[in-house]
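S.K.: Please read through the structure below; I'll follow up with questions.
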Amino acid sequence: PFFQRGTYDIFYKNCNSFTDAAVYFLTGRRLDGRYTRIERLVTSTNPVSTRLLNRLFRTFLERSTGSVVDVDVYTANPLAQDFVVEEVLNRLDAAAESEDEETDSGDDDDDDQSDCSDTYRTPCCFSRPTRPR
């Protein structure tokens, strides 16, 4: 539910946001910060940064097309402006903890894992990696 159609924004909620959440979900580690440096810079200095970027985009388009551009090339997607990837990661952690509690409070009977062995492993034997706390 975190990455719905129509919620993409090149600075606030982009493929790096999705990748960061996916990598965290699968490995418990964050995407290296060098991949999100531009987004962090732009969003932390908004609206100055977006005004500057729009001015640069307009100038580039006007010079390359010869036409006057009087609209902003970039406008933030209102569906993405409040997105914070850390909130997604916190929800993933909470879901994993809840899942762990359900597993821990379950029956100690080993019959559920009877098909699991070193030579034959069923999907029931695999779980997401434990996240550092």
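The values are calculated or read from the model by the stated rules, or taken from the named source; none is laboratory data. This one's a predicted model, so the numbers in the text were calculated from it and none came from an experiment. Every residue, glycine among them, receives a Cβ derived from its backbone with ideal geometry; neighbour counts consider all protein chains shown. Remember, those area values only see protein heavy atoms, side chains included, never the ligands or the DNA or RNA. Shrake-Rupley method; radii C 1.70, N 1.55, O 1.52, S 1.80 Å.
S.K.: Of Asn77, Asn90, which residue is in a helix (DSSP H, G or I) and closer than 24 Å to Phe18 by Cα?
M.R.: Answer to the selection: Asn90.
S.K.: On to the next question. Any chance the stretch 52-66 includes a residue that's open to solvent by 70 Å² or more (accessible area, probe 1.4 Å), among the aliphatic types (A, V, I, L, M) and part of a loop (DSSP other than H, G, I, E, B)?
M.R.: There is no residue in the stretch 52-66 that is open to solvent by 70 Å² or more (accessible area, probe 1.4 Å), among the aliphatic types (A, V, I, L, M) and part of a loop (DSSP other than H, G, I, E, B).
S.K.: While we're here: Please count how many residues of the stretch 1-38 are surrounded by 14 or more Cβ atoms within 10 Å (Cβ to Cβ), part of a loop (DSSP other than H, G, I, E, B) and not polar (S, T, N, Q).
M.R.: Residues meeting the conditions: 9.
S.K.: Right, next: In the stretch 39-51, which residues are exposed (fewer than 14 other Cβ atoms within 10 Å of the Cβ) and assigned to a helix (DSSP H, G or I)?
M.R.: Correct list: Arg40, Leu41, Ser44, Val48, Arg51.
S.K.: Consider only pairs whose beta carbons are under 9 Å apart and that are at least six residues apart or on different chains; among these, list those whose first residue lies in the stretch 50-68 and is closer than 29 Å to Gln81 by Cα and whose second residue is open to solvent by 100 Å² or more (accessible area, probe 1.4 Å).
M.R.: Between residues of the stretch 50-68 that are closer than 29 Å to Gln81 by Cα and residues that are open to solvent by 100 Å² or more (accessible area, probe 1.4 Å), the close pairs are Arg58/Val68; Arg58/Asp70; Glu62/Val68.
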